[in-house]
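*Asks:* Okay, handing you the structure first.
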Amino acid sequence: MIAQTKFKLLAAILVAILLAGCAQQAYAGPEYTALPPATAVEVRSMQRTALENSQNFIGRVEAASTVSVISRLSAEVTGVYAQVGQRVEEGDILFTVDTTDVDNQIRQLQAGIAAQEAGIAVQEAARATANIGVNTALYGLYVAQNGSAQAELQRLQSNFNVEQALLGLRDARDAATSADDRRRFARDDLYVAERALRDALDSGVGFEEAMGAVIRAEANLAAAEAVRDQTRSAVRRAESAMQMAQDSQPLTIEVLEDTQDQAIRRAELGVEQAQAGVSQVQAGISQARAGINTSNIQLEIARDALYHAEVRSPISGVIATRMVEVGQMVAPQMAPFTIVSMDTVYVSVGVTESLINRIFPGDQVSLSIQAISYTPLTGVVEVVSPVATPMGTYTVRIALPNPDGLIRPGMFAQASFVLEAAQNAFVLDRVAVLSDSGESFVYVVRGDIAERVPVTLGISDGERVEILTGISAGDIVVVTGQEFLRDGQRVNVVGER
């Protein structure tokens with residue numbers, strides 16, 4: 001463009017010279033003096049404007065965050081509900097997996113907990129019986145320590161203990177009978193479920209439901225058998241307590257007949273044995289409760305796994321990759337989905353050491369992304385690295401709002417950092433300013449004469465320069481053709497820029 005303009009100016013100058021020569025020849029005479037030819041120029045009327053001195057750096061757009069979504073379960077995919085490029089919100093379901101194994105595990109744990117709780121109830125009854133034995137032994141010790149004056153009371157207490165032991169034995173046998181009935185019913189349910197499973201295998205219909213029923217029936221049978229075993233143990237303990245109470249009756253008489261020292265020793269031994277029995281039962285209860293606690297923890301883990309059978313988006317963003325289909329097996333080692341957050345994107349550029357100390361978090365930066373628009377965008381500096389990269393540059397991370405999602409990770413962006421700025425300045429193209437012996441000057445047109453005017457220069461963006469002194473608003477400055485001028489030369493204004 002500049003070359004074409006110069007060519008036009010040269011042509012205009014040559015035409016002007018030729019016309020001047022023709023005029024001299026046509027009107028030559030002793031009274032005529034020829035005027036010097038006018039030089040064709042283009043000018044600009046000076047007005048104040050803004051000028052910035054900036055440096056540009058190239059970077060690439062990055063997503064605010066990239067998240068790989070995994071399944072906590074190793075299972076078959078039963079549904080997929082998102083596609084690549086789709087916008088998802090935090091909590092949206094991406095895909096689901098089969099829960100048959102987890103459901104069965106939960107049912108087995110629940111059955112086991114029920115059996116353990118039933119066992120604790122039986123052991124609580126046994127502990128009550130054992131406590132009766134302790135009380136009996138302590139009373140025997142009291143009688144031995146206080147002589148035989150209360151023999152009749154001892155006999156009455158002994159009879160009472162026998163009655164209490166008999167009641168405990170009767171309750172234990174009733175519990176055992178109930179457990180046997182529950183086991184029989186569980187076996188009947190298992191038989192029915194197995195027959196339904198065989199029918200399903202023959203017909204090819206309802207196999208999964210029949211198989212689940214068999215699994216549940218087997219778990220119920222196992223729980224019933226566990227309760228039956230525990231109640232039988234309780235019966236044996238109750239029988240032992242009954243035998244102990246019956247045996248204590250002649251022992252009481254014997255204690256009364258023996259010397260006091262011998263009675264005391266026997267009574268102390270009875271107390272120790274009775275307390276040992278209570279401790280043993282208590283240990284069994286504690287162990288059972290610990291087992292229930294462990295089972296409850298396993299149940300919570302299984303329920304948590306069941307919740308995560310619906311795999312949800314952990315963030316709001318756009319699906320970047322999808323690597324899963326219905327029927328495919330997934331495992332925690334693979335990432336079926338990748339999601340990128342693009343509401344705000346980032347541009348990272350490497351700036352030089354001469355500029356890094358002039359950039360601060362919060363500074364606004366002009367960004368040009370020609371892939372989407374030639375209009376500059378405005379970003380904000382978020383991070384300024386304190387150390388240089390191996391390339392000797394310092395990383396500056398710029399945040400850029402992306403509400404429409406048009407700016408995509410991987411696009412190139414040019415970041416412009418303003419070093420100096422003049423908001424109300426006279427500005428000329430750098431080529432319009434000439435230099436002679438270290439002095440900068442321009443040509444100002446006054447009338448049809450070009451006047452050389454010295455100027456002082458300010459900041460420059462490489463193509464334009466600020467004029468600090470020498471010109472005023474409204475001055476007509478030559479911007480094309482000035483290299484052919486001299487001070488006081490006539491000019492012909494052929495254009496204005």
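The values are calculated or read from the model by the stated rules, or taken from the named source; none is laboratory data. Worth saying up front: this structure is predicted, and the values here are computed from it rather than measured. When we count neighbours, we look across all protein chains shown, and the Cβ atoms used for this are built from the backbone with ideal geometry, even at glycine.
*Asks:* Answer yes or no as to whether Arg490 is surrounded by 15 or more Cβ atoms within 10 Å (Cβ to Cβ) and either touching a residue at least 24 places away in the same chain (Cβ under 8 Å) or touching a Leu at 6+ places or on another chain (Cβ under 7 Å) (or both). Walk me through it before giving the result.
*Replies:* On the way: surrounded by 15 or more Cβ atoms within 10 Å (Cβ to Cβ): yes; either touching a residue at least 24 places away in the same chain (Cβ under 8 Å) or touching a Leu at 6+ places or on another chain (Cβ under 7 Å) (or both): yes.
Against the criterion (surrounded by 15 or more Cβ atoms within 10 Å (Cβ to Cβ) and either touching a residue at least 24 places away in the same chain (Cβ under 8 Å) or touching a Leu at 6+ places or on another chain (Cβ under 7 Å) (or both)), Arg490 qualifies.
*Asks:* Here are some residues: Val418, Val445, Val477. Which one is among the aliphatic types (A, V, I, L, M) and at pLDDT below 95? Step through it out loud before you land on a result.
*Replies:* Numbers: Val445 fails: at pLDDT below 95; Val477 fails: at pLDDT below 95.
Residue meeting the stated conditions: Val418.
*Asks:* Hey, among the residues in segment 296-329 that are small (Gly, Ala, Ser) and surrounded by fewer than 17 Cβ atoms within 10 Å (Cβ to Cβ), which one's farthest from the chain's Cα centre (by Cα)?
*Replies:* First pass over segment 296-329, keeping only residues small (Gly, Ala, Ser): 302, 305, 309, 313, 316-317, 320, 327.
Filter once more, so that each one left must be surrounded by fewer than 17 Cβ atoms within 10 Å (Cβ to Cβ): 316, 327.
Values: Ser316: 10, Gly327: 27 Å.
Step by step, filter segment 296-329, then rank; the result is Gly327.
*Asks:* Within segment 405-416, can one find any residue that is over 30 Å from Ser316 (Cα atoms) and either surrounded by 17 or more Cβ atoms within 10 Å (Cβ to Cβ) or free of Cβ contacts under 8 Å to residues at least 60 places away in the same chain (or both)? Before the answer, list the steps.
*Replies:* Quick first cut of segment 405-416, residues over 30 Å from Ser316 (Cα atoms) only: 416.
If we keep only those that are either surrounded by 17 or more Cβ atoms within 10 Å (Cβ to Cβ) or free of Cβ contacts under 8 Å to residues at least 60 places away in the same chain (or both) as well, we get none.
No; the residues of segment 405-416 include none that is over 30 Å from Ser316 (Cα atoms) and either surrounded by 17 or more Cβ atoms within 10 Å (Cβ to Cβ) or free of Cβ contacts under 8 Å to residues at least 60 places away in the same chain (or both).
*Asks:* In segment 464-483, what count of residues is obtained for those that are over 13 Å from Val431 (Cα atoms) and not aliphatic (A, V, I, L, M)?
*Replies:* Summing the residues that are over 13 Å from Val431 (Cα atoms) and not aliphatic (A, V, I, L, M) in segment 464-483 gives 5.
*Asks:* Can you name the residue in segment 371-398 that is of a type in the set (Gly, Ala, Ser) and within 16 Å of Arg358 (Cα to Cα) and is also farthest from the chain's Cα centre (by Cα) among such residues?
*Replies:* If we filter segment 371-398 for residues that are of a type in the set (Gly, Ala, Ser), which is where we start, we get 371, 373, 379, 385, 388, 392.
Remaining after also requiring within 16 Å of Arg358 (Cα to Cα): 385, 388.
Details: Ser385: 24, Ala388: 29 Å.
If we take residues in segment 371-398 being of a type in the set (Gly, Ala, Ser) and within 16 Å of Arg358 (Cα to Cα), then Ala388 is farthest from the chain's Cα centre (by Cα).
*Asks:* Same structure again: Scan segment 309-356 for residues that are closer than 22 Å to Arg408 by Cβ, part of a strand (DSSP E or B) and among the β-branched types (Val, Ile, Thr) and jot them down.
*Replies:* Once the filter is applied, which keeps residues that are closer than 22 Å to Arg408 by Cβ, part of a strand (DSSP E or B) and among the β-branched types (Val, Ile, Thr), segment 309-356 yields Val318, Ile319, Thr321, Thr338, Ile339, Val340, Thr344, Val345, Val347, Val349.
*Asks:* If you scan segment 483-497, which residues turn out to be over 12 Å from Val453 (Cα atoms) and of a type outside the set (D, E, K, R)?
*Replies:* Residues of segment 483-497 that are over 12 Å from Val453 (Cα atoms), as a first pass: 483-485, 489-497.
If the condition is that a residue be over 12 Å from Val453 (Cα atoms) and of a type outside the set (D, E, K, R), then Phe484, Leu485, Gln489, Val491, Asn492, Val493, Val494, Gly495 are the ones that fit.
*Asks:* Another question about this same structure. Scan segment 454-468 for residues that are surrounded by fewer than 16 Cβ atoms within 10 Å (Cβ to Cβ) and either in contact with a Leu (Cβ under 7 Å, 6 or more places away or on another chain) or modelled with pLDDT of 95 or more (or both) and report the count.
*Replies:* Residues meeting the conditions: 3.
*Asks:* Something else now. Sort through Val97, Val102 and tell me the only one that's at pLDDT below 85, under 24 Å from Arg216 (Cα atoms) and surrounded by 14 or more Cβ atoms within 10 Å (Cβ to Cβ).
*Replies:* Values: Val97 fails: at pLDDT below 85.
Checking each option against the conditions leaves just Val102.
*Asks:* Confirm whether Ala200 is at pLDDT 85 or above and either closer than 25 Å to Thr129 by Cα or touching a helix residue (DSSP H, G or I) at 6+ places or on another chain (Cβ under 8 Å) (or both).
*Replies:* Working: at pLDDT 85 or above: no; either closer than 25 Å to Thr129 by Cα or touching a helix residue (DSSP H, G or I) at 6+ places or on another chain (Cβ under 8 Å) (or both): yes.
Answer is no for this residue.
Conditions (1) free of Cβ contacts under 8 Å to residues at least 12 places away in the same chain; (2) of a type in the set (A, V, I, L, M); (3) crowded, with 17+ Cβ neighbours inside 10 Å, marked per residue:
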{"site": "Gln164", "(1), (2), (3)": "no, no, yes"}
{"site": "Leu167", "(1), (2), (3)": "yes, yes, no"}
{"site": "Ser178", "(1), (2), (3)": "no, no, no"}
{"site": "Leu201", "(1), (2), (3)": "yes, yes, no"}
{"site": "Ala224", "(1), (2), (3)": "no, yes, yes"}
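*Asks:* How many residues does segment 425-451 contain that are in contact (Cβ under 8 Å) with a residue 12 or more places away in the chain and on the phi > 0 side of the Ramachandran plot?
*Replies:* So the answer is 0.
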